[in-house]
């Protein structure tokens, strides 16, 4: 794993098929998809899901001209993970950027935050500026739901909660549906603190209380030697302690969940902004969440994080000492 490639490859099942679960079909409103319902009457999200639609996060900035290496061009901006490997399986790529509001398709960073982002990306191999995912930290949201081929998902449901499991780092989100309040503001969690409710056939989730060691977005892996001005994948977009994310999960058909997230953080952004795309495609009935290894074999970044040069055993020895 390197700062260009966030995690070892996981074998992915590419075929997208229907998983039959609790076949109780509801009658929906005219023109809307009527999703299968659980025995207790909620839209049924249960099952395994693959990463969905890949697209640029935002409209490219004008400025420095840079041409992507020939070996990486066919997948467009920031989709390459390994040579010969797309970081989302057998998907349809939408032409529109994921940022749908503001209408210009750009993340509305305050001027100081835009300067900070440029510094992060220009110095992205320095330990202070390393991508949190390179350091195997939780992805948080909405980043955890962005399309990368080394992440798949499983939804579980009860009448009182939705549980979302991630292949990435074995992450888990427990989303209560009981109108309980968020945890106190001094409690910070890697995946945030989530509270959900149903609005018709849409699961609406408010997530708060994030740690500062996460980026809001960032998908795929930045291309080698790409200048910060060329990034359209959302890398380097940080947040403050006031980050609040409102998510909406809607089944647009039995095999597709449309995802929308509105990001609120008045300390970093000039306004709330929204991303929207088909984030989850139903996996085969026998799909599983694969064992996820992050630091294993991560020789280059162990050296970056420890400052140890030479043989990787030196870095591993240093890590072992620090961990004691």
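Laid out as a table, the results:
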item: Test: residue in the range 266-273 that is modelled with pLDDT under 90, exposed (fewer than 15 other Cβ atoms within 10 Å of the Cβ) and over 19 Å from the mean Cα position of the chain (by Cα); result: no
item: Residue tally, condition closer than 24 Å to residue 154 by Cα and in a strand (DSSP E or B), over the range 239-273; result: 18
item: Residues of the range 121-161 classified as modelled with pLDDT of 95 or more and either farther than 29 Å from residue 176 by Cα or surrounded by fewer than 17 Cβ atoms within 10 Å (Cβ to Cβ) (or both), total; result: 5
item: Residue list for the range 208-223, filter: buried (at least 21 other Cβ atoms within 10 Å of the Cβ) and under 14 Å from the mean Cα position of the chain (by Cα); result: 214, 216, 217, 218, 219, 220, 221
item: Flag if residue 297 is surrounded by fewer than 18 Cβ atoms within 10 Å (Cβ to Cβ), at pLDDT below 70 and either within 17 Å of residue 133 (Cα to Cα) or touching a strand residue (DSSP E or B) at 6+ places or on another chain (Cβ under 7 Å) (or both); result: yes
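The values are calculated or read from the model by the stated rules, or taken from the named source; none is laboratory data. Everything numeric in this text was worked out from a predicted model, so none of it was measured. Cβ coordinates were reconstructed from backbone atoms using ideal geometry, including for glycine residues, and neighbour counts include every protein chain displayed.
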